[in-house]
Amino acid sequence: MKAAVIVSPGSNCDRDIQVALRQSVGADPVMHWHGDPDLPGVDLIVVPGGFSYGDYLRAGAMAAHSPVIREVVDRANRGVPVLGICNGFQILTECGLLPGVLMRNAGLKFICRDIDLRVDAANTVFTRSYVDGQIIRIPIAHNEGNYFADEDTLNRLDGDNRIAFRYCSPRGEVTAEANPNGAALNIAGILNEKRNVLGMMPHPERLADDALGGTDGRPMFDGLVEALAAAA
Amino acid sequence: MAWVGFRVRFAPPCAKQIAMKARVHITLKNGVLDPQGKAIEHALAGLGFSGINDVRQGKYIEMNLDETDEATARASVEAMCEKLLTNTVIENYEIDLDA
């Protein structure tokens, strides 16, 4: 399986995802500079976290117009799995691959801590190694994670089982207290209609190795390898 | 008068005439929660300013345009707003043009 990581000026989780993918895939991903529209053929594209373009204008707004993003949108439309984490999620909403927008956290603070997530859609290439209702604990680290969309969009996401992860209590209850940033419906991650694009604010790559204090993020990468190796 | 004369005589011949200035005001749509606006409102109340409601924070962007035709300039700035300057899921924009 071959993966590519899109690197923008200001990406800072590109190395973390590189290490996580190397561990699960057994080979290094292609580290692809955002300014180069010539993306090699890959089975998975990851748009990593960070502060692309210093979050100028709006988080992800500038990177969403990078030369390579047009190609990423094209590949996603042709079915290639695309995973956007944190700033990557913001970029995927700004470029239109995912609906809605990530607004400033309701509490106006940058939040960096481990949080509990409930897996609500385990039937995707990204989440197949989890089960529905499973509670996992991985970190968030963001200032703009307050997911917002109009009511129709939220209803559609919910009704079509496109909310992959929700912020929850340690016992799996989706409550206002468990919501760190004000996100609508406690949304931590959503899928596109074809379920081959996942955007999520939490960082699975930051807890994918025992040495980092936990491995709840690792099944995502192991699952992707299984799914994509089988498809290849 | 002497000063005006000085300026006329020594104005660099290459000085570019600005045809138009565009001013774009970007605001959050009604119903979109604005935690920054709320924080500002509380801070103002804390400073003793009373009778303040519904503080909303927005953005202001200005630019000089070479375009001389107002309708063309407006269409162009509108396209900029739709493509990059605003996120129309949560933001509205207003364009002022000064010829």
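Listed by position, the strands (runs of 3 or more DSSP E) contained in the stretch A:1-77 that have at least 2 residues being more than 16 Å from A:LEU228 (Cα to Cα) are A:3-7, A:30-33.
Summed over the stretch B:42-62, residues that are aromatic (Phe, Trp, Tyr) and within 14 Å of chain A (Cβ to nearest Cβ) total 1. When A:GLY88, A:GLY84 are checked against the criterion of being part of a strand (DSSP E or B) and under 15 Å from the mean Cα position of the chain (by Cα), a single residue qualifies: A:GLY84. If you go through the stretch A:97-119 and keep only what is out of contact with any helix residue (DSSP H, G or I) (no Cβ under 9 Å at 6 or more places or on another chain) and assigned to a loop (DSSP other than H, G, I, E, B), you end up with A:LYS109, A:PHE110. Picking from residues in the stretch A:99-112 that are without any contact (Cβ under 8 Å) to a residue 60 or more places away in the chain and surrounded by fewer than 16 Cβ atoms within 10 Å (Cβ to Cβ), the one that is farthest from the other protein chains (Cβ to nearest Cβ) is A:CYS112.
Check the stretch A:156-167 and report whether any residue there is surrounded by 21 or more Cβ atoms within 10 Å (Cβ to Cβ) and either within 14 Å of another protein chain (Cβ to nearest Cβ) or among the polar types (S, T, N, Q) (or both). Yes, the stretch A:156-167 has at least one match.
The single residue among A:VAL131, A:VAL174, A:VAL119 that is over 17 Å from the mean Cα position of the chain (by Cα) and touching a residue at least 24 places away in the same chain (Cβ under 8 Å) turns out to be A:VAL174. A single entry from B:LEU28, B:LEU65, B:LEU84 fulfils the requirement of being away from every other protein chain (no Cβ under 14 Å) and surrounded by 12 or more Cβ atoms within 10 Å (Cβ to Cβ): B:LEU65.
Throughout, read-outs are computed from the coordinates displayed, never taken from laboratory work. As the structure is a prediction and not an experimental result, all values here were calculated from the model. Positions of Cβ are backbone-derived with ideal geometry, glycine not excepted, and every protein chain shown enters the neighbour counts.
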